[in-house]
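A.B. asks: Got a structure for you, questions after.
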Amino acid sequence: MSTEIDIRETAERTLEEYLASSCIPKELWTNITKWLGDTQLADMYLAPEDAIGAWWGAQEAEKMGYLINFGKSCCIPSHWCPTGDDWKMAQANAKLGFVGDWQTLIDNDALIKIEN
């Protein structure tokens with residue numbers, strides 16, 4: 001039990017450190033950590049690049065009217081993590097990675113249409 005708690009605490013600390021050294025604007029940090037907690041994906045994606053990439057991919061999919069079933073996706077969310085020194089360029093690179101995996105999401109039936 002304590003090992004599981006230690007792993008979660010380490011993952012949270014690592015995520016905080018990653019965000020602090022990233023180009024991701026500070027005003028998004030709370031949104032990212034809240035989303036990870038609300039979706040419980042913080043337990044699935046312990047590496048900060050995967051956790052942030054999952055958040056990013058979910059935001060992009062939602063803009064198009066979809067939710068991602070990460071269990072079925074067979075994608076590595078770190079490919080969608082905005083990285084680099086410039087936030088605008090990091091977003092462009094993250095979008096490129098996400099678009100590159102779009103067919104895999106379709107093929108694995110990992111996209112769920114949001115009903116309005």
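A.B. asks: Could you tell me which GluC sites (Glu not before Pro) in segment 1-86 are loop residues by DSSP with no more than 15 other beta carbons within 10 angstrom of their beta carbon? Don't jump to the answer; show the numbers that get you there.
C.D. replies: On the way: sites: Glu4, Glu9, Glu12, Glu16, Glu17, Glu27, Glu49, Glu60, Glu62; in loops: none.
Filter output for segment 1-86: empty list.
A.B. asks: Taking amide hydrogens as modeled 1.01 Å from N in the peptide plane, which residues meet the under 5 Å criterion relative to Tyr66, leaving out close sequence neighbours?
C.D. replies: Ile114
A.B. asks: Next up: Would you mind telling me the share, in percent, of accessible area of the chain contributed by carbon and sulfur at probe 1.4 angstrom?
C.D. replies: 53
A.B. asks: List, largest first, the extents of the alpha carbons of segment 1-80 along their principal axes, each in whole Å.
C.D. replies: Largest first, segment 1-80 extends 39, 29, 21 Å along its Cα principal axes.
A.B. asks: Before I look further, what does the chain give for accessible area per residue, probe 1.4 Å, in whole square angstrom?
C.D. replies: Details: 7110 Å² over 116 residues.
Result: 61 Å² of accessible area for each residue.
The values are calculated or read from the model by the stated rules, or taken from the named source; none is laboratory data. Keep in mind that this is a model prediction, so the values were computed, not measured. Positions of Cβ are generated from backbone atoms using ideal geometry, with glycine treated the same way; all protein chains shown enter the neighbour counts. Keep in mind that these areas ignore ligands, DNA and RNA; they rest on the heavy atoms of the full protein, side chains included. Shrake-Rupley method; radii C 1.70, N 1.55, O 1.52, S 1.80 Å.
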